[in-house]
Amino acid sequence: MRRGIWLALLFCLLWLAAAAWPVGAKGEKEMEETKRLAVVTADRVNVRQGPGVPYRPLANVHRGEAYRLIEVKDGWVNIEWKPNRTGWIAARYVALAKETAIVQENRLRLRQEPSRDGRIIGHLARGETVWIIKEDGEWTEVIADGAIGWVSSAYLTAARESSISHQTGIVHASSLNVRAEPSLKAARVGRLVRGEEVEIVEKKPGWYKIASQTGLDGWVSSAYVQVKGGQANEKEAEAPQSADRSLLSAIAPSDSRLYVDSWTRGPVQALAGKTIVLDAGHGGKDGGAQSVDGIKEKELTLETAKLLKNKLQSYGARVVLTRSSDEYVPLSARVAAARLYQADAFISLHYDSAADPDASGITIYYYDRFADYELAQSFQGLFRQLSALPFRGIAFGDYYVLRENEKPSVLLELGYLSNRSDAAAVATNGYQEAVTTAIVNAVRHYFQ
């Protein structure tokens, strides 16, 4: 009996020793990996039951959303997409991030490459939070508001060192959506208007959680909220050329070399880092519709596309034209451009024709109810306000450039060339200015 008691005590001691034993290199690596986050870099990514396409989809995650990383296996990433619910997403659609940093200066530049000569692809604002991916010399790759780019030293502070208590923000948009979660796909719970003051209670990359004076709480795009008291620095604050690391270490933590480069702020940040593919309908041997006065659809769509490109670029968008001259481009190549350039939106521009000479107005076509309809809806309010032509509404369209497109897509018929009145109107500079402005504002609203 006594021997049995001693054996039991020995077993307990051995069990306690094993529980207290260090986990070892492999365990430490696993623990370190679970602290990392998987940040989604594409729109509407499937979360699957297992690491492979044959596994059943469980849900969708969206660009800019971050989830706890559990495991990486054979090109797939296991994430916790809901509390106590895990799933797998393709690794090519995520970036792994360990920590966040907060921008300490307005007028900052986000670049495509880790170089002062790198193309500027977006804007950072004071108080904006970014995910840190990796470093390359004096540059750090970050995720900001869904866009991935490089920033250079001196103007970031580790998020853990920055307090946001009692920060007040001022809305800088005529109408700003408040959402239930920090995602463009989250439900809208209300709106704020220009000039409203809000309390910023939490920050995530590209988003502020706010509490308004009217009792409205939720998440808003940080691009449209200016932190009160933050003064814009009119000079471009480039990272110091000299190796004054004592100054840099006072700004950034020693264990994380964070480098930021400043820029000139554009008119609006909503489209910073967004890629828009504009498809000027027809071209070359395919002339499209033609009015009785000789106005050709292929010429008009190209004119509209070029004007629209300039306006979208002025708001920070990256714009790709499927054609920039009078050339024939196959429909498959137009769709391929959206995939090649990882478009955030694809807009095909057309002018209509009908046997009925009285047919008149603007129509918006979509194909996929889930991928395209929200983009289509963004246009209807603005098109209704155009006085030149009536708005005919949103309709399902089984068009190749929509049906075969993996990206959010719409096809816009901007007036009937078969109608004398429409044809005369759409060819004017006034109409082209008005309709392209409406399209730009619709796109801005979609990404807000």
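At a glance:
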{"quantity": "Per residue accessible area in Å² of segment 267-334, where ligands, DNA and RNA are left out and the probe is 1.4 Å", "calculated": "40 Å²"}
{"quantity": "Charge sum, other residues only, whose C-beta stays under 10 Å from Ser418's C-beta, Lys/Arg counted +1 and Asp/Glu -1", "calculated": "-3"}
{"quantity": "Arg384-Arg92 FRET efficiency (beta carbon distance; Förster radius 41 Å; 0.05 resolution)", "calculated": "0.55"}
{"quantity": "Qualifying trypsin sites (Lys or Arg not before Pro) in segment 369-448, DSSP loop, other Cβ atoms within 10 Å at most 16", "calculated": "Arg369"}
{"quantity": "Additional length obtainable on full extension of the chain from Val193 to Lys285, 0.36 nm per residue less Cα span", "calculated": "28.3 nm"}
{"quantity": "Segment 175-231 - charge dipole about Cα centre, Lys and Arg +1 at Cβ, Asp and Glu -1, debye rounded to 20", "calculated": "220 debye"}
{"quantity": "Distance violations [Cα-Cα > 27 Å] among Lys204/Lys311; Lys82/Lys407; Lys204/Lys407; Lys274/Lys306", "calculated": "Lys204/Lys311"}
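The values are calculated or read from the model by the stated rules, or taken from the named source; none is laboratory data. Keep in mind the model is a prediction, meaning the values are calculated, not measured. A quick note on method: Cβ atoms are made from the backbone with ideal geometry, for glycine too, and the neighbour counts reach across all protein chains shown. Quick note on the areas: whole protein, heavy atoms, side chains included, nothing else; ligands and nucleic acids left out. Shrake-Rupley method; radii C 1.70, N 1.55, O 1.52, S 1.80 Å.
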